[in-house]
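Shown next, in structure tokens, is the structure this report addresses.
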Amino acid sequence: MDTNELKSAEDRTWDVVVVGGGFAGLSAALLLTRVRRSVLVIDAGEPRNAPAARVGAHNILGREGISPLELLRVGREEVASYGGEVVDGRVERVERGGGAFTITTQDGRRARARRVLVTTGLIDELPDIPGLAERWGHDVIHCVYCHGWEARDTKVGVLGNFHQALLFRQMTDQVTLFAHHAQAELTDEQWEQLAALGIEVIHGAVTALETDTAQDKLTGARLASGTVIPLDTLVVAPTFTARGGFLEDLGLTLNPHPAVPGVQVAVDPSGFTGIQGVWAAGNVSDVLAAVPQSAGAGNTAGGAINMDLILEDARRAAEAREAASATPFDGAMEAEVSRRVLGTRAHGLEGLA
């Protein structure tokens, strides 16, 4: 859908507008369109896993190793095949008014919806180390389940995270933990475990990454002392920041994650945010969710939204029926009521006996 088409649709009210066209958003849209809901997906075109496109998405049963961008392309086509519409755009504001929501994009386009599903994902805030961002999603990674297999039996460095060091030790016996700025956070027990597993601990901060530009690969990590530690892969722990600032007008805020650095939208098991009519799914409400979990959360939220709409539709139908039955009497009905209540008095004949 192009800009003009979205403008022409501003006068209609969609059953659901999905903000974000990633795996959670498209999964929800697919479920909802298949039960004949009108669905508009507005997507900014910035999938979190775009940097990993050439290495593929993993742990997706039946589609192992598929490019995440290809998976999203297929998902858009599937949603469209059931009548859903997907438009490019960045949502700037969501407001409630007149019994519906108004969703406004940065370029001033608007859409109205009965319900809103937020699936805008998150931003990975990476350590500020020269050369690191350029390798993100290739040989700078964060998840053993997403990319650990590809790093097996290679030289893996872990930047200041004890638990990630243990996770990647399962994949290779060549693990180096860079204490970086987290050295003081290790307990005596953790030091003993690292030593028992043969994980070397390097003191001092990592100040830059070394790469082989000809072969387009990571070769090492440079320390503040100038020493370069040879590496094939570097594991980092980003700060996960959900994309949800545009929800402030609804009174919805981001909360700190209880286990990892980052913030996310708080939801119940169905994805309901606590704000009537608003659900969230995927990384925006679970910063640790991978592709399968995000898709599943989208399906769950889609089902919950549909049931909420069903209950509202049923309530409105009952109210409309009750209102129709309470309309003023027509002439024939009024005459019949008068006959039954007044009898002959209706004609002034009560005195004639």
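What's the magnitude of the charge dipole for the stretch 31-117 around its Cα centre, counting Lys and Arg as +1 and Asp and Glu as -1 at the beta-carbon? Answer in Debye, nearest 20.
Here the stretch 31-117 has a charge dipole of around 440 debye.
Quick one: grab the alpha carbon gyration tensor of the stretch 130-199, order the square roots of its eigenvalues as a ≥ b ≥ c, and give me rounded if a/c is under 1.5, else prolate or oblate depending on whether a/b is larger than b/c.
In terms of gyration-tensor shape, oblate.
Go ahead and set up a Gaussian network model of the chain, Cα springs under 10 Å, then flag whichever of Gly84, Gly97, Gly25 fluctuates most.
Of Gly84, Gly97, Gly25, the most mobile in the Gaussian network model is Gly97.
Compute the separation of the alpha-carbon centres of the stretch 128-196 and the stretch 241-294 and state it in Å as a whole number.
27
Going from most exposed to least, what order do Ser67, Ser325, Ser294 have by accessible area with a 1.4 Å probe?
Ser325, Ser67, Ser294
Leaving out ligands and nucleic acids, note down the accessible area per residue over the stretch 75-217 with a 1.4 angstrom probe, in whole Å².
Normalised by residue count, the accessible surface of the stretch 75-217 is 50 Å².
In debye to the nearest 20, how big a dipole does the chain give about its Cα centre with +1 on each Lys and Arg Cβ and -1 on each Asp and Glu Cβ?
1100
Among 69-79, 159-169, 222-232, how do they line up from the highest to the lowest mean number of other beta-carbon atoms within 10 Å?
Sorting 69-79, 159-169, 222-232 by mean packing, highest first, produces 159-169, 69-79, 222-232.
For the ranges 140-150, 195-205, what's the packing order if you count other beta-carbon atoms within 10 Å of each residue, average per peptide, and put the highest first?
140-150, 195-205
The values are calculated or read from the model by the stated rules, or taken from the named source; none is laboratory data. Source: prediction; values computed, not measured. Note that we place each Cβ from the backbone using ideal geometry, even for glycine, and neighbour counts take in every protein chain shown. Keep in mind that these areas ignore ligands, DNA and RNA; they rest on the heavy atoms of the full protein, side chains included. Shrake-Rupley method; radii C 1.70, N 1.55, O 1.52, S 1.80 Å.
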